[in-house]
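Colleague: One structure follows; several queries about it will come next.
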């Protein structure tokens, strides 16, 4: 084994290999985040359900009952929950990833490992909560007599896309956060704006057909729309929107990773 | 193809002063970007933590790295362990590197001892199968068998450090970087640690050992490098390196005789600074050396930077033998004093009764705190010479270096009770 340390850095495939080499550390960081998340809370893992569930109740009251937001022919509560489920995961993962580098500053200044593992682990550790919260969706579908949809297995690649999207945005924000602590204050704001520009509370069908492509430029829009179609059925899957969103997600992920890689060298000095 | 395992070539590292103080904000960056074309030279204070450092280490060598604070030792280890990048130069390592830069980082307080062993082990680069294999050994070494299911936040700091060091000590890299970790735990545990490292060395592992503990360096290392101001000022035999290091420290202390004021090798906020040091006998007359057993007053003059009265001033001193072993510490805290209000310029006097050390030359470190913030820290603020003073009043002398302490006492003979 031969290691050469210089000031010049070129991205090589061997670095991807070294990421793979450190996968075990990644899985330990994920386990740590999961184990620690609900330590010393009375309700423990129930929090994973409580948050999206009560958001669903509140949204159903205000948007479903009072504002009469349309819901593509499905009962509004199950409609909004099917959107909130991936959204809650996404916003939580993005927040955790953005704070992850600063939160692990003591590790970063003392031990070497590929830094990208840190935000990646933060994104992945939210998946357990996502799984737990999805049981509520199953329950609601039983309650509202919504049958199983043949497209349901699509949920798995769609979740994968959500993970990539959170990781891509997370790479950008966590690297920026190391240098500019302004990011910390913009994140809640960004997430709120992002929520309202995504079809979570409302169906994407309220946007005129000729602007659908613009909506899909928001990478989460296409994913959320497809997620709903896969779970609740009743609507054809909008492959075009999903394609556009997937493209944006890929772009976000690759650019985020490269930017993170470029900034990585100075993290220990700046953080 | 020689058996060179570490090759360092022209290594330099530059830090921008102030760059890490406070965070950058977008606004600053924008303002700078706008200003940049108009200001002729952007004046930034730069510091070379390392400058053109080159050396080689052979496989199986134990290399000591010594130097004063800020000489570049830790920066070197940080580059070797790939935590930070050099500004220029090149390092070639032929083997897996393990570093013990600060044990226990990576421990999570909420997790149990066992969980932390695995987490910290993986962070240090061990495979989990490797950790499982060594788990019992690690726990036994730390002597914490009964506490492995307890969250480490309930550990005492000693237990915490023992467990952390124990994990790190079972790392088996070809190259081991060690920075001051031997200051962990009690004396017995420290001896165990040294033994563990000697074992590693005898197994042909290469070790780079940074320490201020001169006895540990001389007993443990085969070769040493002395750092001064970011570059290597000597590389070779341990004895010579240590002599040169102590000589440099000596010169610094000699400068101290001119007045502590001019010394540059200090750290702390500088809000309050030591300006002079001298010794007085019990009656208040200046003395140049201490007689064992006499009363001595160590006087430290200080001044505040802004000329206003200083608040909550504390002074601590550490007296060490010339070779580096600490002998005692003393100061406001130990004497149960606190100075809430102190004049802008003044003098703090430590009065020591029946000075209990035998004739030798000692070093004195001084540490000044104001309002709970380290204000001034001077290593080797002064050297103290102790001469024989008939401590016991019997005329019997404890010779230089015979035993490190003199005790106050009497001996009597009594019949069977």
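Colleague: Checking residue B:81 against (1) within 7 Å of another protein chain (Cβ to nearest Cβ); (2) surrounded by fewer than 20 Cβ atoms within 10 Å (Cβ to Cβ); (3) at pLDDT below 90; (4) under 30 Å from residue B:237 (Cβ atoms): exactly one of these is not met. Which one?
Modeller: In the conditions (1) within 7 Å of another protein chain (Cβ to nearest Cβ); (2) surrounded by fewer than 20 Cβ atoms within 10 Å (Cβ to Cβ); (3) at pLDDT below 90; (4) under 30 Å from residue B:237 (Cβ atoms), residue B:81 misses (2) alone.
Colleague: What about residue B:189, is it surrounded by fewer than 21 Cβ atoms within 10 Å (Cβ to Cβ), away from chain A (no Cβ under 14 Å) and modelled with pLDDT under 80?
Modeller: Spelling it out, residue B:189 is indeed surrounded by fewer than 21 Cβ atoms within 10 Å (Cβ to Cβ), away from chain A (no Cβ under 14 Å) and modelled with pLDDT under 80.
Colleague: Looking for whichever is modelled with pLDDT under 85 and over 30 Å from residue A:264 (Cβ atoms) here; the options are B:154, B:96, B:146, B:162. Which one fits?
Modeller: Just a single option satisfies the conditions, and that option is B:162.
Colleague: Does region B:130-140 contain any residue that is within 14 Å of chain A (Cβ to nearest Cβ), surrounded by fewer than 23 Cβ atoms within 10 Å (Cβ to Cβ) and closer than 17 Å to residue B:106 by Cβ?
Modeller: The answer is yes, given that some residue of region B:130-140 is within 14 Å of chain A (Cβ to nearest Cβ), surrounded by fewer than 23 Cβ atoms within 10 Å (Cβ to Cβ) and closer than 17 Å to residue B:106 by Cβ.
Colleague: Can you say whether residue A:116 is touching a residue at least 40 places away in the same chain (Cβ under 8 Å), away from chain B (no Cβ under 14 Å) and closer than 16 Å to residue A:28 by Cα, as far as the supplied structure shows?
Modeller: yes
Colleague: Taking region B:142-152, which residues are within 13 Å of another protein chain (Cβ to nearest Cβ) and part of a helix (DSSP H, G or I)?
Modeller: B:152
Colleague: Still on this structure, please answer the following. Scan the helices (runs of 4 or more DSSP H) fully inside region A:1-80 and keep the ones with 1 or more residues being away from chain B (no Cβ under 14 Å).
Modeller: Those helices (runs of 4 or more DSSP H) span A:13-21, A:47-59.
Colleague: Just the residues that are within 14 Å of chain B (Cβ to nearest Cβ) and part of a helix (DSSP H, G or I), please, taken from region A:238-270.
Modeller: Answer for region A:238-270, where residues must be within 14 Å of chain B (Cβ to nearest Cβ) and part of a helix (DSSP H, G or I): A:261, A:262, A:263, A:264, A:267, A:268, A:269, A:270.
Colleague: Could you tell me whether any residue of region A:214-227 is in contact (Cβ under 8 Å) with a residue 12 or more places away in the chain, under 22 Å from residue A:153 (Cβ atoms) and either over 19 Å from the mean Cα position of the chain (by Cα) or surrounded by fewer than 21 Cβ atoms within 10 Å (Cβ to Cβ) (or both)?
Modeller: So far as region A:214-227 goes, no, none of its residues is in contact (Cβ under 8 Å) with a residue 12 or more places away in the chain, under 22 Å from residue A:153 (Cβ atoms) and either over 19 Å from the mean Cα position of the chain (by Cα) or surrounded by fewer than 21 Cβ atoms within 10 Å (Cβ to Cβ) (or both).
Colleague: Can you list the strands (runs of 3 or more DSSP E) lying wholly within region B:262-358 that have 3 or more residues being surrounded by 15 or more Cβ atoms within 10 Å (Cβ to Cβ)?
Modeller: Filter on region B:262-358 gives B:272-281, B:296-304, B:310-321, B:326-331, B:345-352.
Colleague: Let me ask something additional. Residue A:87 - would you say it is away from every other protein chain (no Cβ under 13 Å) and modelled with pLDDT of 95 or more?
Modeller: yes
Colleague: Just give me the residues in region A:191-212 being outside any loop (DSSP other than H, G, I, E, B) and surrounded by fewer than 13 Cβ atoms within 10 Å (Cβ to Cβ), in sequence order.
Modeller: Matches in region A:191-212: A:192, A:193, A:196, A:206, A:209, A:210, A:211.
The values are calculated or read from the model by the stated rules, or taken from the named source; none is laboratory data. Given the structure is predicted, the values throughout are model-derived calculations rather than measurements. Every residue, glycine as well, gets a Cβ built from its backbone with ideal geometry; the counts of neighbours run over all protein chains shown.
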